[in-house]
Amino acid sequence: MSGTSADGVDVAIVRIHGHGLEMSAELVKSHHRAYPGGLRQGIFEIRSGTPAPIAILAQVGREISLCYATAINECLVAAQISADKIAAVAAHGQTLYHDPPDTIQWLDPALVAAEVGAAVISDFRRADCAAGGQGAPLVPLADYLLFRDAKKNRVLLNIGGIANLTFLPAGATIENLIAFDTGPGNCISDYLIRQSNPRGPGIDVDGHLAARGVPIFPMVQQVLADAYFSRPPPKSTDGPAMIEIFTKILEEMGRKFPLENLVRSACLISADTILAAMRQFLDPFPDEIIVSGGGTSNHTLMSLLRQPLGDVPVRTIDELGIPSSAKEAIAFAILGAATLDGVPGNVPSATGARRGVVLGSITPRRDSK
């Protein structure tokens, strides 16, 4: 998995038991490989809408694919597992554009198959879009299989570049779960940090800068008034769209603000849009919120999320024994297993598709030697 934050590739080696809605998953090994700085910058330039020659698009696709392959091979070596022992690689690809029904996840599956020596399942979103869906979110199948509870109303919240949630009412069937993108996760904060220091880490490490800032409330209120946030699910969005809302309002204000205030405002926008979405669209309100993704390491964002919730527990998925960075990779391993079994991987109530469909395209194993 490589998410909209474009920080690199998260790999999970997963042992899958069962079939269809009886599947369970056991994490064997996880690993992260960061994108090289130049590749990450190239991805963000393309995603921002900067015109790119076809040759650059091809080069970026090859570099992404080689980074995927290297990360997978590193994880296999660390787990002492040979490629011929895995059923397939489920590879999401790097999102370059997402505005349903149009979506692009950039990857060369044949190159990954050749470099790893395993079949590759890729391009998961298009089949759902072809069935009238948003192509996102696709993690609800895994959320349902792994985290549903007979007595607790649970929210699985992932805070990556975009924040998305899956609501699992107590005793839920897969037909009555709710899942959607709430809005920005880290994307606005990351954008501000990259603009301030293009050669820097690209993130507000641990939320330290935001912790020193003061929110710009008029800006926050104007962002929250955008039509996306009040639109009922199913719905999905992308980082550039959220960044554009923020930057347009900032330009209209015609003032310069300290970076720490802007980053603090970005964190407040993320927290407020998540909380507003839960209050507006979830009934009953969740008994427990389980958070994953890079946002869990931003202590300022997590504090802004927890404070208004009072006694409602906000736990990280690490507390359940799953590394936060591995959760979405595990979800796509489950989707890959569903594809191999010929089982639909989308959840129509989450994506808005007309029907359940088998996701992805399968590229056979290639022997590069």
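The values are calculated or read from the model by the stated rules, or taken from the named source; none is laboratory data. Just so you know, these numbers come straight off a predicted model, no measurement behind them. Neighbour counts are summed over all protein chains in view; Cβ atoms, including those assigned to glycine, are modelled from backbone coordinates with ideal geometry. To get the accessible areas, we keep the full protein, side chains included, count just its heavy atoms, and leave off ligands, DNA and RNA. Shrake-Rupley method; radii C 1.70, N 1.55, O 1.52, S 1.80 Å.
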> Would a scan of the stretch 181-193 turn up a residue that is in contact with a strand residue (DSSP E or B) (Cβ under 7 Å, 6 or more places away or on another chain) and closer than 19 Å to residue 323 by Cα?
Replying inline: yes
> Of all the helices (runs of 4 or more DSSP H) wholly in the stretch 253-369, which have at least 2 residues that are in contact with a strand residue (DSSP E or B) (Cβ under 9 Å, 6 or more places away or on another chain) and open to solvent by 20 Å² or more (accessible area, probe 1.4 Å)?
Replying inline: 259-281, 327-341
>> Please go through the stretch 30-47 and give me each residue that is more than 18 Å from the chain's Cα centre (by Cα) and surrounded by fewer than 17 Cβ atoms within 10 Å (Cβ to Cβ), ordered by number.
In response: 36, 37, 38, 41, 45
>> List the residue pairs whose Cβ atoms are under 8 Å apart, where the first residue sits in the stretch 61-82 and is of a type in the set (D, E, K, R), the second is open to solvent by 50 Å² or more (accessible area, probe 1.4 Å), and the two are 6 or more positions apart or on different chains.
In response: 62/108; 63/36; 74/31; 74/33
> Quick check, is residue 121 of a type outside the set (Asp, Glu), closer than 25 Å to residue 293 by Cβ and free of Cβ contacts under 8 Å to residues at least 40 places away in the same chain?
Replying inline: no
